[in-house]
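To start, the structure under review is shown below, and the notes come after it.
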């Protein structure tokens with residue numbers, strides 16, 4: 001079998017990283033950062049945690065290229081969903097024609 | 001993907017090998033690929049709700065912060081820890097299956113199931129709290145419509161709704177529609193996951209999985225981690241986003 005077996009210490013490390021990330025995001029939520037930084041910090045931590053889960057717990061780092069392509073396609077289509085919707089909502093007030 | 005030339009003779013004749021596959025490795029990779037395609041549809045499904053959340057939060061920031069601050073951050077954080085631990089035990093269950101250690105494999109699967117049920121129990125407690133504070137949106141519950149008590153200035157009763165400037169009860173209700181839709185769909189996925197884990201435990205006890213054949217453990221593991229990832233995003237978005245405004 002050419003299946004890659006992820007060593008236990010990797011799983012333990014990722015588990016620790018995820019717990020630290022959770023503690024960090026709770027701490028950061030109570031700090032009053034300027035501008036929209038609270039949201040940006042929270043999302044950065046969440047995306048980092050999710051990336052670790054995908055790469056190691058879900059074995060994507062050791063998976064076939066086709067899996068990478070499928071995952072990238074999903075995120076790309078999600079990007080379209082958000083980009084097109086917000087290009088509408090955010091620009092509605094730019095001209096006052098009434099709708 | 002597996003090439004046709006590398007048919008491993010020792011895996012050929014495994015009782016779990018279906019006739020349309022060359023060998024166990026090709027069968028396993030096809031299964032994993034299929035699961036990922038399913039998970040793409042799941043990403044799009046939850047993506048629609050994340051879009052609704054982002055949109056209404058950008059329209060009603062004050063109301064979303066006020067409503068979010070009513071959620072119990074301790075229960076939310078504990079549940080995040082429970083779910084992360086369950087993802088870890090799930091990953092370990094896959095590992096022990098791959099190396100052929102039967103007893104720890106079953107143990108890890110049982111631990112994952114127990115942790116999943118713990119998450120659902122804590123979630124039920126949170127839902128019950130929201131019910132008692134009349135925060136179930138619309139008229140979903142007959143006789144208990146959305147009707148929270150709004151706190152006066154200086155009142156610190158946690159059961160009352162503390163509205164920040166610019167927030168109204170109607171806009172807070174929108175947050176709770178989205179909150180219950182997202183956490184409800186997430187909980188439904190957890191319930192389905194608990195069912196799948198029960199199946200895995202039963203068939204593990206029947207010695208159905210081994211280092212050659214363990215696709216069910218692997219793909220249900222992928223599903224479980226996906227549900228964990230959804231919660232990794234739900235926790236900060238629903239529970240944490242308005243905290244820094246609480247005492248402002």
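Since every read-out is calculated from the coordinates, none of them should be taken as a lab result. Bear in mind that the values here come from a model prediction, so they are computed numbers and not experimental data. Positions of Cβ are backbone-derived with ideal geometry, glycine not excepted, and every protein chain shown enters the neighbour counts.
Of the residues in the range B:126-149, at least one is in a loop (DSSP other than H, G, I, E, B), free of Cβ contacts under 8 Å to residues at least 12 places away in the same chain and on the phi > 0 side of the Ramachandran plot. Hey, does the range B:164-171 have a residue that's without any contact (Cβ under 8 Å) to a residue 40 or more places away in the chain, more than 10 Å from chain A (Cβ to nearest Cβ) and in contact with a strand residue (DSSP E or B) (Cβ under 8 Å, 6 or more places away or on another chain)? Yes: one or more hits.
Looking at the range A:42-65, which of its residues are surrounded by 17 or more Cβ atoms within 10 Å (Cβ to Cβ) and in contact with a helix residue (DSSP H, G or I) (Cβ under 6 Å, 6 or more places away or on another chain)? Explain how you work it out, then say what you get.
Taking the range A:42-65 as the starting set, the residues that turn out to be surrounded by 17 or more Cβ atoms within 10 Å (Cβ to Cβ) are A:42, A:45-46, A:49-50, A:52-54, A:56-60, A:63.
Once the filter is applied, which keeps residues that are surrounded by 17 or more Cβ atoms within 10 Å (Cβ to Cβ) and in contact with a helix residue (DSSP H, G or I) (Cβ under 6 Å, 6 or more places away or on another chain), the range A:42-65 yields A:42, A:45, A:46, A:49, A:50, A:52, A:53, A:54, A:56, A:57, A:58, A:60.
Scanning the range A:9-41 for residues that are surrounded by fewer than 18 Cβ atoms within 10 Å (Cβ to Cβ), closer than 15 Å to residue B:85 by Cβ and in contact with a helix residue (DSSP H, G or I) (Cβ under 9 Å, 6 or more places away or on another chain), we see that the one that is nearest to the other protein chains (Cβ to nearest Cβ) is A:19.
The residues of the range B:93-149 that are under 26 Å from residue B:211 (Cβ atoms) and more than 14 Å from every other protein chain (Cβ to nearest Cβ), listed by number, are B:102, B:103, B:106, B:107, B:109, B:110, B:113, B:114, B:116. Go through (1) closer than 30 Å to residue B:24 by Cβ; (2) touching a residue at least 60 places away in the same chain (Cβ under 8 Å) for residue B:196 and report which single condition fails. Of everything listed in (1) closer than 30 Å to residue B:24 by Cβ; (2) touching a residue at least 60 places away in the same chain (Cβ under 8 Å), residue B:196 misses just condition (2). Taking the condition surrounded by 13 or more Cβ atoms within 10 Å (Cβ to Cβ) and more than 8 Å from chain B (Cβ to nearest Cβ), does residue A:68 pass? So residue A:68 passes the test.
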